[in-house]
């Protein structure tokens, strides 16, 4: 017995050595993880490096450029109420505007940072999946870091993400994905953690906070509780499903579901199911039923784009389906049903693939079901669902090839990621400006009015009025009942000084849509230029009646009141403009003119000073303030302002003349 004990003693001496290697391995793994994340981030930066100077597009204009509600970051009530179901996204636009005004580069920078964070979250969540109890005996976990790495690379490089990253306003989509993935990752980390209750509570609290932020960013976040259940079923529970009401996890899930049930009716009404009349150049009405039928084909299109991202488009000319038994609709439905059946069949043997399929359908369910949306298809809707696709793709390549053909598998990953990176870089070139974007769209959707109209806007912004008018006329030929075509063509006729044609087109737009606010405004401009100021004021007033915060209508009405000698009404309108937009330089300037006309020189000086404060190179404001100082006999201040006006505009003749007078009077005073 003693001999046996002696034989075992050396084993005890060697015992500490057995734990030396894993410590070195952990350190090595940390460095490999860091290197992997750096590669993911660098790839994202490289392929989106040509996006920073891409212009604002489409919904960027009303949401950012023309949105006076985001101009004051401190006015929480205003920007929160502007879009009460998505206030967090609006807050980031207000933040961007506060620091960068309309410098588009910084908006793109924020969007790219969110995308890179999402890629890292995809990496983290994939690792958590392969660290779950359900997969502990699966050989696939040996290469979980490799699969997580390639899944994140597929996510960060895919060109379908460009609409969520390069299209600035779709920050809503990338941000909700960030909070969604973070909430899920924190929840799973808490569930897998064997630390104390305090650490678990902090993780659950972080998950809950992130979930709330997601729900205040975009509506598809309301699928998050179901995603947690999905994760529980697939990866966290290894025993037979049962409900134990004493289990804190069950209580948390029930609380999440209850919150969703309570919050949704508070945030939304049954009007979300109302049919959508023809809009955006479409000649058809969208109902919950035909929207659902159409989504079967749309989802198949999304899958095709994930596999083969070619011929991408901003505004697809996608046919609406009014009949479930139409060949395209029925075949699409059967294909999707087959995928669901496959997911159920694969649940035990290929759990990752099954989960990826269910994830894809779940996270698409809000936007691709029976809640009608004006645009039946948009690429950015695949951003969050694509995680399921990339998880399937990376795991599938590993399962099929890794053990026997490792380098071939790596080659496939490199080819896919490399090709996608090139396509993403090239796609960003299309987003360069409105003309490149909509010209690309028109070439791919030549029979859809919306993209043609948007290209017309791009031509108009470049001063190419004839090309712009030609596009609007072409859009009218496709859809004669689209009010925007007439209103926009009216603007171009106005730019060419053809006021009668402008009035006729705006009137046609109003006939089609009696609440078309821009048509009233543009017709008012035409009437004003023809000297018919009463009709102009009437149209501006109708526009204001539709939108009481339509600042430019108040501004133009103020000009016409001034021309009619109605100074008090003019001042009231400029004051309203300033109330809506405190940085509206010309409103201060014109109100200063009104005050000067009434001989209220101190008020005029105050307004000119505010205009100069906003725009220090506003030569006319210096000149008019100098005139006001003249009228108050303050020749030294007048001379200084005339000099500033001349410094900005050396050809300002009136400023030279008036400065001579001011200097002469100043010299007389000194005598």
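The values are calculated or read from the model by the stated rules, or taken from the named source; none is laboratory data. The structure presented is a predicted model; accordingly, all values stated were derived computationally and were not measured. No Cβ is skipped: glycine too gets one built from the backbone with ideal geometry, and neighbour counts run over all protein chains shown.
Within the range 482-496, can you find the residues that are surrounded by fewer than 16 Cβ atoms within 10 Å (Cβ to Cβ) and within 17 Å of residue 520 (Cα to Cα)? Reasoning before the result, please.
Taking the range 482-496 first, the residues surrounded by fewer than 16 Cβ atoms within 10 Å (Cβ to Cβ) are 495-496.
The one that is surrounded by fewer than 16 Cβ atoms within 10 Å (Cβ to Cβ) and within 17 Å of residue 520 (Cα to Cα): 495.
Given the condition assigned to a loop (DSSP other than H, G, I, E, B) and farther than 16 Å from residue 170 by Cβ, answer yes or no: does some residue in the range 37-47 qualify? Reasoning before the result, please.
Of the residues in the range 37-47, the ones assigned to a loop (DSSP other than H, G, I, E, B) are none.
Looking through the range 37-47, none of the residues is assigned to a loop (DSSP other than H, G, I, E, B) and farther than 16 Å from residue 170 by Cβ.
Go through (1) buried (at least 20 other Cβ atoms within 10 Å of the Cβ); (2) in contact (Cβ under 8 Å) with a residue 40 or more places away in the chain for residue 560 and report which single condition fails.
Looking at each condition in turn, residue 560 falls short on (2).
This table checks each residue for (1) under 30 Å from residue 477 (Cβ atoms); (2) part of a loop (DSSP other than H, G, I, E, B); (3) modelled with pLDDT of 95 or more; (4) in contact with a strand residue (DSSP E or B) (Cβ under 8 Å, 6 or more places away or on another chain).
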position	(1), (2), (3), (4)
226	no, no, no, no
249	no, no, no, no
279	yes, yes, no, no
300	no, no, yes, no
303	no, no, yes, no
306	no, no, yes, no
319	yes, yes, no, no
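Considering only residues that are surrounded by fewer than 18 Cβ atoms within 10 Å (Cβ to Cβ) and assigned to a helix (DSSP H, G or I), which ones fall in the range 48-67?
61, 62, 65 - these are the residues of the range 48-67 that are surrounded by fewer than 18 Cβ atoms within 10 Å (Cβ to Cβ) and assigned to a helix (DSSP H, G or I).
From the list 460, 477, exactly one residue is more than 24 Å from residue 378 (Cβ to Cβ) and either at pLDDT 95 or above or more than 26 Å from the chain's Cα centre (by Cα) (or both). Which is it?
477
For residue 362, which of the numbered conditions (1) at pLDDT below 95; (2) closer than 27 Å to residue 216 by Cβ fails to hold?
Answer for residue 362: the failing condition is (1).
Which residue is nearest to residue 55 (Cα to Cα), if the candidates are limited to the range 442-480 and must be touching a helix residue (DSSP H, G or I) at 6+ places or on another chain (Cβ under 6 Å) and part of a loop (DSSP other than H, G, I, E, B)?
Ranking the qualifying residues of the range 442-480, first place goes to 445.
Residues being without any contact (Cβ under 8 Å) to a residue 40 or more places away in the chain and part of a helix (DSSP H, G or I): count how many of those fall in the range 321-339.
Count: 12.
Cβ-Cβ distance below 9 Å, separation of 6 or more or different chains: which pairs start in the range 292-311 with a residue that is outside the structural domain of residue 397 (by TED's automatic domain parsing) and free of Cβ contacts under 8 Å to residues at least 40 places away in the same chain and end on one that is part of a helix (DSSP H, G or I) and crowded, with 19+ Cβ neighbours inside 10 Å?
Between residues of the range 292-311 that are outside the structural domain of residue 397 (by TED's automatic domain parsing) and free of Cβ contacts under 8 Å to residues at least 40 places away in the same chain and residues that are part of a helix (DSSP H, G or I) and crowded, with 19+ Cβ neighbours inside 10 Å, there is no close pair.
In this structure, is residue 601 more than 27 Å from residue 482 (Cα to Cα) and modelled with pLDDT under 95?
Working: more than 27 Å from residue 482 (Cα to Cα): yes; modelled with pLDDT under 95: no.
So residue 601 does not fit the description; no.
Being assigned to a helix (DSSP H, G or I) and either within 22 Å of residue 212 (Cα to Cα) or without any contact (Cβ under 8 Å) to a residue 24 or more places away in the chain (or both) is the filter here; which residues of the range 97-114 pass it? Step through it out loud before you land on a result.
Taking the range 97-114 and keeping what is assigned to a helix (DSSP H, G or I), we get 97-100, 104-114.
Hits for the range 97-114 are 99, 100, 106, 110, 111, 113, 114.
Looking at the range 517-538, can you tell me whether even one residue there is touching a residue at least 40 places away in the same chain (Cβ under 8 Å) and in a helix (DSSP H, G or I)? Full working, then the answer.
So in the range 517-538, the residues touching a residue at least 40 places away in the same chain (Cβ under 8 Å) come out as none.
No, the range 517-538 contains no residue that is touching a residue at least 40 places away in the same chain (Cβ under 8 Å) and in a helix (DSSP H, G or I).
So in the range 572-581, with the set limited to residues that are surrounded by fewer than 23 Cβ atoms within 10 Å (Cβ to Cβ) and part of a helix (DSSP H, G or I), which one is nearest to the chain's Cα centre (by Cα)? Even if it seems obvious, please write down each step before you answer.
In the first step, residues of the range 572-581 are kept if they are surrounded by fewer than 23 Cβ atoms within 10 Å (Cβ to Cβ); the result is 572, 575-576, 578-581.
Filter once more, so that each one left must be part of a helix (DSSP H, G or I): 572, 575-576, 578-580.
Values: 572: 36, 575: 32, 576: 30, 578: 28, 579: 27, 580: 24 Å.
The extreme case among them is 580.
If you take the residues of the range 441-473 that are more than 26 Å from residue 428 (Cα to Cα) and free of Cβ contacts under 8 Å to residues at least 24 places away in the same chain, which of them is surrounded by the fewest Cβ atoms within 10 Å (Cβ to Cβ)?
466
Take the residues in the range 81-96 that are touching a residue at least 24 places away in the same chain (Cβ under 8 Å) and assigned to a loop (DSSP other than H, G, I, E, B); name whichever of them is surrounded by the most Cβ atoms within 10 Å (Cβ to Cβ).
86
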